[in-house]
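Single-structure report; data block below.
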Amino acid sequence: MSKILPQTKKIFLYFYSEASDNKYKYLYIKNFISQNKYGIISSDVTLKDNNSLFCLARILTNSFYKLFYKDNLLKILKGEINDISSLLLPNNKEISYDDLWTDTVMKFWLDKLSEQIIQYDDIDNVKIFFIKMSLIDTEKLNSLLKKINFKYSFIYFSNDNISEDNLDKESINILSKLNLQQVSTHIKSTEDFYKENKGDLYIILACKVAGENEKGFFHFPSLFKGIYRRNKEDWRYLLVSKNEFPDDEMLKKAKCIIIPGSDLSVHDNIEFLRKTEKYLFNLIKDIEEKGKYPHLKILGICFGLQIIMSGFGAKLNKNNWDKNSRFGPEIINLKDEFWELNYVKKSMVTKRKSLILTEAHSEQVIKYPNKNNNYFKTVGSSDACECEISIDKKGQILMIQGHPEYSPGLYMSSSIEMIMEFSGYKSEDINEESMNEFEKEYMNREENKNSNYNEWRIICDSFMRY
């Protein structure tokens, strides 16, 4: 495993099935419009994709829509779905980035990809994913799909019948780096590993209201797993509003707890927020004063920083969208002490006076906890916020007011209207034409072109692991 978090530039996906002889078969796909040979699902990872899982969910949604959704393939083959065209997007039209985040199929794939799927972590900045599916009759499926002029056809290949004569260049290139026999061994060993629950434990501890949007607008499980998760790791999503807090057994096993952003405020009079403050207060006290859980790291992001600080008595300004809000790139000025941190050194990120980070918050710490309760110190600040980067004295806690998990493209694709309003646009002037013009101008700004989001991700990954 690479010690430095790789920047994934391309993804590949294998659907695989287990045959009656216990051997694996791999589903290959041919596009009649652009291909005369079979390949596997693949895509470049864009700035708007933000991470490998978002990219993969987008491709599966836009290319196949409800064809692979739940049990639809089996229902088609059983004759339970007669109108196959109703499962596909009309006229091969793709769903825009803005609309993907509320699409049912996109959410389905984000949930599916957040499970303990199998992956190759990095082969020359490429990630390869494997999703298990029921064995299907591809010949019958192709015959049915041909009747509606669907542009794809499917075929299974295995170790016994794979041939480069049938494959496109990308698939041949992948097989030159790993053969299907190695893939089969990798899949089997990973499946066994997950059954035995051996992997390093990482916890996303979210402060969200239980219900329809409890995973967050950006689907927190796939947001963080798509950036940081590696094969044979156990990532869990816990919701404090459901009273899901890591117990002692989990804390002894966990390598890191990530407390992400939230649409809530620490000033909200909500019982589970007060319980979260108390839980984190006691946990951090145990770490700092009793030396418990010396292996455990805590990464607080945006609201995560705020709820930790609030629990220790820090003062935060109240939500005022006009005066206190920060949306977009921010220059974070970093002290020499930051660059001397062991995990920052191990990240191999080049030392400089400042790094650019995406911000999205309307509250911030304006006064630190009193000295009796203060284990923290600031090592990074901006013109707008003194407490941008805070650490503890043991090196087990890292708090970031901004969002290393957001690329400028993701932020723009999902929040363009809000960003335009904060940039001075009137709501009546926001339309498709003005949004397209603003997006081009915004993404060409120097602070976005020079964003250091990937360096921040590398630093966070180094913090969590080493």
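Computed from the coordinates by the stated procedures, all read-outs in this text should not be read as laboratory data. For clarity, every value in this text was computed on a predicted model and none was experimentally measured. With ideal geometry, Cβ positions are generated from the backbone for all residues, glycine too; neighbour counts draw on all protein chains shown.
Counted by Cβ distance under 13 Å from Arg58, the other residues give a net charge of -4, where Lys and Arg count +1 and Asp and Glu count -1.
Available extension along the chain between Ser85 and Lys426 is 118.6 nm, counting 0.36 nm per residue and deducting the alpha carbon span. Sequentially through the stretch 193-199, phi angles give Karplus couplings (6.51, -1.76, 1.60; θ = phi - 60°) of 4, 5, 4, 8, 6, 9, x Hz, Gly and Pro residues having no value and appearing as x.
Seen from Lys151, the other residues with C-beta closer than 14 Å to its C-beta sum to a net charge of +3, counting Lys and Arg as +1 and Asp and Glu as -1. Take each peptide in 165-174, 411-420, 214-223, count the other Cβ atoms within 10 Å of every residue, and average; sorted highest first, the result is 214-223, 411-420, 165-174. The sum of -39500 (n - 2.57) across all DSSP H runs of n ≥ 4, divided by the residue count of the chain, sets its helix-only mean residue ellipticity at 222 nm to -10000 deg cm²/dmol. Distance between Cα centroids, the stretch 415-461 to the stretch 212-268: provide it in whole Å. Taking the Cα centre of each part, the stretch 415-461 and the stretch 212-268 sit 27 Å apart.
The alpha-carbon of Lys195 sits under 22 angstrom from the alpha-carbons of these lysines, leaving out residues fewer than 8 places away in its chain: Lys23, Lys25, Lys112, Lys132, Lys225, Lys232, Lys252, Lys253, Lys255. As a proxy for reagent exposure, Thr185, Thr138, Thr276 were ordered by neighbouring Cβ count within 10 angstrom, fewest first; the result is Thr185, Thr138, Thr276.
Applying 1/(1 + (r/R0)^6) with R0 = 56 Å to the Cβ-Cβ distance of Glu94 and Glu289, what FRET efficiency is obtained, to the nearest 0.05? Efficiency, from the Cβ-Cβ distance: 0.55. The H on the amide N of Cys302, modeled in the peptide plane, is under 5 Å from the matching H of Ile400, Gln401, Gly402, each at least 5 residues off or on a different chain.
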